[in-house]
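First the structure, in the form of structure tokens, and then the observations on it.
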Amino acid sequence: MSSRRQSDIEPGAGRAGLFLGVGLIGAGLCLGALAAQALPPGQDQARMLAHFTQRFGEIPLADYVYGSLMFDPEAMARHDAMLDFPPHASLLDAGERLWTRPFRDGKTYADCLPDAGLGLARSYPRYDLAQGRVITFEDALNDCRTRHGETPYDLLDSQTMGVLSAHARGLSDGMKMDIRVPDGPAMMAYLDGRRTFHARLGQHNYACASCHVLHAGDRLGAQILSPAPGQATHWPVFPAGQGPVTLQAQYLACFQRMGHVPDGPGSAMLNNLEYYHSALSNGLPMRAAVPRP
């Protein structure tokens, strides 16, 4: 998202070069239509995908994991070339070292987490009844640390939680996202995240959905805006020349561009937002810790 007005967003950068042609009033109506009903998670995702099919034609569901790259063949080619010699390989190695380093009691994350962490990240965030809140995968990693006598990592520290999360999420690569939202308090948290995603906030009057639903596939300066489904599959990301950026760090950056001051990382606001946002990627394969050209 950006501090530029929505009228500055250039349409037609998407695969089919289509744009709904709505101004701010029409965009508000469309945004309201997509957000109006409290639908179950699967229906939320289906309705959003139908919206993108109407805009761009049939897009294979698996392509959504590539985000804005699916609209830009040249950027996709640069991304694929980066994978031959990953520029972030040393950071991934650092994450693996943190993962295998024993806690002070001799245990490791693999000892602490179910199935040694294999395939675990794809089911996060999840609602924890005992804690009475949504917990993210990074929360689960910090829970391991505290249970074994260690200090929790700062959720925004790219050199600790960032690289650790990159390695640990990579243990789910290729496995399909599977976010469960049972009835009761979990559903209430999901709906709270849904409201945040669709709410217009801040001095620029943007919503997350403004960029990643209404204007997905359109160009904002040099950037093509990615669609919401598929976004949660590939965090942390490694922008060229930078350390890992976690999903909640990206939320904070987007809110800053919107002119909105949100609650902090790990808060109910951001965890519930991540819960809803991640459910939009159900059924898509994880591709954690990807570089971006």
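Brief remarks on what is shown
- Selection within the range 155-197 - part of a loop (DSSP other than H, G, I, E, B) and of a type in the set (D, E, K, R): D157, D178, R180, D183
- Top-ranked residue in the range 131-154 [being in a loop (DSSP other than H, G, I, E, B) and closer than 16 Å to P244 by Cβ; ranked as least open to solvent (accessible area, probe 1.4 Å)]: T136
- Criterion: of a type in the set (K, R) and farther than 27 Å from M76 by Cα - qualifying residue of R287, R292, R257, R194: R194
- M187 fulfils the conditions (1) in contact with a Pro (Cβ under 6 Å, 6 or more places away or on another chain); (2) open to solvent by 20 Å² or more (accessible area, probe 1.4 Å); (3) closer than 26 Å to G42 by Cβ except for a single criterion, (1).
- In a residue-by-residue description of the range 95-105, the property of being surrounded by fewer than 15 Cβ atoms within 10 Å (Cβ to Cβ), without any contact (Cβ under 8 Å) to a residue 12 or more places away in the chain, within 28 Å of V181 (Cα to Cα) and among the hydroxyl-bearing types (S, T, Y) applies to no position.
The values are calculated or read from the model by the stated rules, or taken from the named source; none is laboratory data. Because the structure is a prediction, the values reported are computed rather than measured. Ideal geometry is used to build each Cβ from the backbone, glycine not excepted, and the neighbour counts take in all protein chains shown. For the accessible areas, the whole protein counts, side chains as well, though only heavy atoms, and no ligand, DNA or RNA atoms are used. Shrake-Rupley method; radii C 1.70, N 1.55, O 1.52, S 1.80 Å.
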